[in-house]
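The values are calculated or read from the model by the stated rules, or taken from the named source; none is laboratory data. Quick caveat, the model's predicted, so the values are computed rather than measured. A quick note on method: Cβ atoms are made from the backbone with ideal geometry, for glycine too, and the neighbour counts reach across all protein chains shown.
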Amino acid sequence: MSHVFLVAAEDSGDAFGADVIDALRAADPSVRISGIGGARMRDRGAHTDVDMSGLAVLGLVEGLKAYGRVKQAVEDTADAIIKADPDSVVLIDSWGFMWRVARALKLRGVRAKRIKLIGPQVWATRPGRARVLAQWVDHLLCIHPFEQPFYVKWNLPTTVIGNPALHRLPKGDSAAFRIRHGIPLDAPVVGLLPGSRKAEMRRVAPTLMEATRIVRERDPRRHVVCMVAPSVIHEVEALAGSQNFPIVLVKEEAEKADAYAAMTVAIACSGTVTTELAAQGAAVVTGYKLGWITWVLLRFFLFKSRFSALVNVAANREVIPEFLQTSFNARNIEQAVEDRLTNPRVLKSQQDGQREALRIMAGTGRPAAEIAAETILKLS
């Protein structure tokens, strides 16, 4: 019987970790699961007393401020893993935290296989991270085939699993969601995805909300639906409560697919959610803002990709409008949304482009969690 220990530090990692746990148990009902994560992983029996709050930091300055917190969490995580004595440790996303955990485990002589689930975006920024990762982990489960060459020179074995967001949610039922929430079947629905990190609530969410307010004021027949991440429920509730228009707040994971499918156009914080939305057929407009020191370093020294949204990376063009840093303002975002709400040809063109990009991203078509689980069990 294999014993697998999974670690997730952020909401998106917790969601994928839960999917992988389900896939592990489907592939081997006798597998023993332990772990550290959020509510979804805890619901599946992966829980310890290690506190991961405050680790989802955003940017260079925030990272420096949180260094002491991260250092302590690394030691606490390593202690929990040593106590559990698993056959393998799966470190999900969260590059800065997870490579330090892997290093701590290796330096402390832990016998478990160290498996990194989703690698850093070495194709977009800082390819030297491939060398660091190869030094401390035994295997990488990566999303894209074009990531693999970065690790070959460092002799790190890799397995391509595809994009987790493509199979995370079932096909949503737009009509059922609208009926449940009293939204007419023919009414435009504007989605709002304000982020899942505390820093995003300060730096990104207010601008996305302002863009949503302007779009709503242009036509009161439009309905606003906001998907709330568990990690920022109170912040989103406060932001929504300060608005003078109605917002449907969706807090239950079971409603996510239906909510996304009901959205005509979604205003989203840049991240994994843009792929999930596109997979449900919503046209996405995305934006992001970092601290200026972090932005300057990324923009002029580190970031190599033309795009931030993976749908755009796959398509090699801007299918999803991106408004980053200097272009990140409510007016730019609302104008892009307005174009899609008022011009059917623009809307259809984006939806067609998203579908083609998703086809490219799908790879073999098998769920990423299924491939990840299969590989983890082989290595355990």
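Miscellaneous remarks
- Screening D186 on (1) assigned to a loop (DSSP other than H, G, I, E, B); (2) crowded, with 19+ Cβ neighbours inside 10 Å; (3) out of contact with any strand residue (DSSP E or B) (no Cβ under 7 Å at 6 or more places or on another chain) shows it passes everything except condition (2).
- Filter result (among the small types (G, A, S) and free of Cβ contacts under 8 Å to residues at least 12 places away in the same chain) within region 208-262: A238, G241, S242, A254
- Residue within region 170-183 that is assigned by TED's automatic domain parsing to the domain that holds P321 and among the β-branched types (V, I, T) present: yes
Residue by residue, here is whether (1) without any contact (Cβ under 8 Å) to a residue 40 or more places away in the chain; (2) of a type in the set (A, V, I, L, M) holds:
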| residue | (1), (2) |
| --- | --- |
| E10 | no, no |
| G13 | no, no |
| V20 | no, yes |
| A23 | no, yes |
| S34 | no, no |
| M41 | yes, yes |
| A46 | no, yes |
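- Yes/no for A176 being in contact with a strand residue (DSSP E or B) (Cβ under 9 Å, 6 or more places away or on another chain) and over 17 Å from D93 (Cα atoms): no
- Residue in region 193-213 that is more than 15 Å from L290 (Cα to Cα), surrounded by fewer than 21 Cβ atoms within 10 Å (Cβ to Cβ) and touching a Lys or Arg at 6+ places or on another chain (Cβ under 8 Å) present: no
- Some residue of region 119-128 being in a helix (DSSP H, G or I) and of a type outside the set (V, I, T): no
- Filtered residues of region 160-183 (kept if crowded, with 18+ Cβ neighbours inside 10 Å, part of a helix (DSSP H, G or I) and at pLDDT 90 or above): S174, F177, R178
Let's see how each residue does on (1) among the hydrophobic types (A, V, I, L, M, F, W, C); (2) at pLDDT below 85:
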{"position": "S270", "(1), (2)": "no, no"}
{"position": "E276", "(1), (2)": "no, no"}
{"position": "A279", "(1), (2)": "yes, no"}
{"position": "K289", "(1), (2)": "no, no"}
{"position": "W292", "(1), (2)": "yes, yes"}
{"position": "L298", "(1), (2)": "yes, yes"}
{"position": "A314", "(1), (2)": "yes, no"}
{"position": "P321", "(1), (2)": "no, no"}
{"position": "L324", "(1), (2)": "yes, no"}
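- Residue satisfying condition, being under 18 Å from the mean Cα position of the chain (by Cα), more than 17 Å from G281 (Cα to Cα) and among the charged types (D, E, K, R), within set E235, E253: E253
- Residues that are surrounded by 13 or more Cβ atoms within 10 Å (Cβ to Cβ) and part of a helix (DSSP H, G or I) within region 219-244 comprise P230, S231, V232, E235, V236, E237, L239, A240, listed in sequence order.
- All of (1) buried (at least 16 other Cβ atoms within 10 Å of the Cβ); (2) in a helix (DSSP H, G or I); (3) modelled with pLDDT of 90 or more; (4) not aromatic (F, W, Y) hold for G35 with one exception: (2).
- Some residue of region 148-159 being farther than 29 Å from E334 by Cα, of a type in the set (A, V, I, L, M) and either in contact with a Cys (Cβ under 9 Å, 6 or more places away or on another chain) or at pLDDT 90 or above (or both): yes
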